[in-house]
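The block underneath contains the structure these notes are about, expressed in structure tokens.
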Amino acid sequence: MSTATPESANAPAAPLIQISNLNKWFGAFHVLRDINLSIASQERVVICGPSGSGKSTLIRCINRLEDHQEGSILVDGTPLTRNLKNIDLVRRDIGMVFQQFNLFPHLTVLENCTLGPIWVRHMPRQEAEETAERLLDRVQILDQSTKYPGQLSGGQQQRAAIARALCMEPRVMLFDEPTSALDPEMIKEVLDVMTDLAESGMTMIIVSHEMGFAAQVADRMIFMDDGQIVEENTPDAFFNNPQSDRTKLFLSQILRH
Amino acid sequence: MFFRDQSEMLPERPAPITEVGVIGWLRINLFSSYGNAALTLVSLALLVLIIPPFVSWGLIDAQFSGDSGAACSGIGACWAWLDQRLGQFFYGFYPADAHWRVNVTALLLVPALLYVLVDNLPGAKFGRWFSYVYPLLAAYLLVGGFGLEVISTDKFGGFMLNMVVGLTGIVLSLPVGILLALGRQSRLPVIRLLSITFIEAVRGVPLITLLFVAIVLLQLFLPPEVSLDQLLRVIIMVTLFASAYMAEVVRGGLQAIPKGQIEGAQAVGLGYWQTMRLIVLPQALRISIPGIVNTFIGLFKDTTLVIIIGLFDLLGHARLLQTNPDWIGDVDHEAYLFSAAVFFVICFLMSRYSVSLEKQLSQDRH
């Protein structure tokens, strides 16, 4: 299990994701500034920071939902460029969970899960359904598999979305504020699923403000502000002994209430 | 301080009599306020004024037999022409000994339509294939060739002509419209520009103008040895015209789909066409059903414009009848009324189907 410190994270043997000198603009707005980040296999990284700091944009660049203007992103050695083949290749290896779930409302939960395996991985239907049922069972909503997303609670929808991503057997899972749109009662059930996933050794990059969860699960904390990485540290050091003033201010503000 | 124990929770009670049953329905729908009650009464009075005279004119006092307008008294409606002319109203000048071909085509249309429109029919797999093959089969039956006597398309007429142009237009305008709508949203500037130009150009011109272009002008640009069938030109123009409207209807649906849906599909690894076909279009088209059917209905009624190129559709034959020396002056209302009724039946069916489809889809999902 990786216990990456900022020093060792800069030189891992064969990082699964390697981001170098990444710069991105939305029109004239410089949203990501010179990001350098490498993530090893089986590592769990939690990214936090104030809204507008670029954390969502950063992970959306990793599966090319956003393109970048400068620098490079390598996923398992494959560079992300305009090359559609590479994008397809990378997306097969990366599962993503969104703040708003983004389940397909016209398909049942089971169909949501089998769509990718059938159409992208060309898996036989029956095999895809067996995989989907196994994973729906793992996130404990197998009994909801024939329902449509609109009939599920927020927590159930997010767990279905996690199962959908897992069905593609990804090597990396990206979580973009997975609990921010949930009622407080449902946050725990989603975090439990994510903790379980972390314990199984999945590589995870999580944008989240759930600091208790982060302290428990993360190998590494990253704090971003103004489009750049301000602090990168072990959870222990990050929460108990933050170095930058900006981090201290942020932590004091979100931990106070 | 107040609290309720589990055992003290209030039980459910039936709704008051004024909210349910016949009385409830009347109250809610017809007499919910003084204004509505007044409107209900006025409407009732209007119906009493209009319906009985209309029925006695159209049925009770009407004349149903006779060889010419002279047979009609003038008090009631004159339906005597139906006997002689009904065939022309439906088949136009299509040769009488080949009317069976039109009949078979019409008969086969029923299963071909049902298998497309209704889910879970027995033999659906074969049925779908039949639906796909049907257009070719219909063209073969109506035009002939390969053993069947060839009947030139200028013999097509009456309501059969409306159906041929209308149905072909409907079947083709939806896919073309969808492609145009996608093109209009394309990231590729060339495709986007072409789509926008086409849609705006076609929408900005009356259909009659397009038909004139198709019939008169097009030949000027084509090499003289190329001669496109006139009916084919009309069908192409009607289709393109409806496609432009369809594109805008579908675009409305496309824009209602949240961006997250596309991102969700991309994150799962689906490509552009898969995303459109599996995720975006099923949802967008569902939202667009009212607009799509509206366009279909408009297109179907526009088929009456074939009269300007000298083809006589249902309405054309109504006019022929009105100006026929035997009937002139006696059937002015009746011929139009009959044509209107035929169009109404088809358009009303389309409208009801759209409503039931919307209901069925919304029941499925929520």
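The values are calculated or read from the model by the stated rules, or taken from the named source; none is laboratory data. Please read all numbers here as calculations on a predicted model, not as lab measurements. Counting neighbours? That spans all protein chains shown, and the Cβs are built from the backbone with ideal geometry, glycine included. Side chains are part of the model used for accessible areas, which takes the heavy atoms of the whole protein and leaves out ligands, DNA and RNA. Shrake-Rupley method; radii C 1.70, N 1.55, O 1.52, S 1.80 Å.
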With a 1.4 Å probe and every protein chain left in place, tell me how much accessible area B:Tyr336 has, in Å² to the nearest 10.
-> 90 Å²
Packing-ranked peptide list from B:47-54, B:246-253, B:183-190, highest mean Cβ count within 10 angstrom first, is B:246-253, B:183-190, B:47-54
Rounded to 0.05, the calculated FRET efficiency for the beta carbons of B:Lys301 and B:Ile28 at R₀ = 41 Å is 0.70
Inter-centroid distance (Cα atoms) of the stretch B:18-89 relative to the stretch B:322-366, Å = 16 Å
Leaving out ligands, DNA and RNA but keeping every protein chain, what accessible area does B:Phe31 have, in Å² rounded to the nearest 10, with a 1.4 Å probe?
-> 90 Å²
Whenever you get a sec, line up B:Leu121, B:Leu182, B:Leu114 from highest to lowest accessible area (probe 1.4 Å, protein heavy atoms).
-> B:Leu114, B:Leu121, B:Leu182
Please report, in debye to the nearest 20, how large the charge dipole of chain B is about its Cα centre when each Lys and Arg carries +1 at its beta carbon and each Asp and Glu carries -1 there.
-> 1340 debye
Is the stretch A:74-198 best put as rounded, prolate or oblate by its Cα gyration tensor, with a ≥ b ≥ c the root eigenvalues, rounded for a/c under 1.5, and otherwise prolate when a/b is larger than b/c, oblate when not?
-> oblate
For A:His122, B:His317, the accessible-area ranking with a 1.4 Å probe, largest leading, is A:His122, B:His317
Given H placed on each backbone N at 1.01 Å, which residues far from B:Ala62 in sequence or on other chains put an amide H within less than 5 Å of it?
-> B:Ala77
Would you please give the residues with an amide H less than 5 Å from that of A:Asp225, counting only those at least 5 places away or on a separate chain, with H modeled from the backbone geometry?
-> A:Val230
Given a cut-off of 24 Å, name the pairs among B:Lys155/B:Lys301; A:Lys147/B:Lys125; A:Lys55/A:Lys147; A:Lys24/A:Lys55; B:Lys125/B:Lys259; A:Lys24/A:Lys85 whose C-alpha atoms lie farther apart than that in the structure shown.
-> A:Lys147/B:Lys125; A:Lys55/A:Lys147; B:Lys125/B:Lys259
Using 1/(1 + (r/R0)^6) with R0 = 51 angstrom and r between the beta carbons of B:Ala70 and B:Asn294, what's the FRET efficiency to the nearest 0.05?
-> 0.70
Kindly identify the stretch A:87-155 as rounded, prolate or oblate by the Cα gyration tensor criterion: order the square roots of the eigenvalues as a ≥ b ≥ c, call it rounded if a/c is under 1.5, otherwise compare a/b with b/c, prolate if a/b is larger, else oblate.
-> oblate
Using modelled backbone amide H atoms (1.01 Å from N, in-plane), which distant-in-sequence or interchain residues come within less than 5 Å of A:Thr203's amide H?
-> A:Gln42, A:Met173
List, in order, the whole-Hz ³J(HN,Hα) value for each residue of the stretch B:278-284 obtained from phi through the Karplus relation with A = 6.51, B = -1.76, C = 1.60 and θ = phi - 60°; use x for Gly and Pro.
-> 8, 10, 7, 5, x, 7, 5
Cα-centred dipole magnitude for the protein assembly as shown, charges only on beta-carbon of K, R (+1) and D, E (-1), debye, nearest 20 | 680 debye
By the scheme Lys and Arg +1, Asp and Glu -1, what is the net charge of all other residues having a beta-carbon under 9 Å from that of A:Leu22?
-> 0
Using a 1.4 angstrom probe on heavy atoms only, work out the carbon and sulfur share of the accessible area of the protein assembly as shown in %.
-> 61 percent
Computed over chain B: relative contact order in percent, which uses C-alpha pairs under 8 Å that are six or more apart | 17 percent
Using just the helices of the protein assembly as shown, give the 222 nm mean residue ellipticity in deg cm²/dmol: DSSP H runs with n ≥ 4 each add -39,500 (n - 2.57), and the total is spread over all residues, rounded to 500.
-> -17500 deg cm²/dmol
What FRET efficiency would be calculated for the residue pair A:Ser20, B:Arg192, taking the C-beta separation as r and a Förster radius of 30 Å, to the nearest 0.05?
-> 0.30
Which value, to two decimals, describes the C-alpha radius of gyration of chain A once divided by 2.2 N^0.38 Å?
-> 1.00
Which shape class applies to the stretch A:140-215: rounded if a/c is under 1.5, otherwise prolate when a/b exceeds b/c and oblate if not, where a ≥ b ≥ c are the square roots of the Cα gyration tensor eigenvalues?
-> oblate
Can you send over the solvent-accessible area of B:His333, 1.4 Å probe, protein chains only, in Å² to the nearest 10?
-> 130 Å²
Theoretical gain in end-to-end length, B:Asn103 to B:Leu220 [0.36 nm per residue, Cα-Cα removed] | 38.4 nm
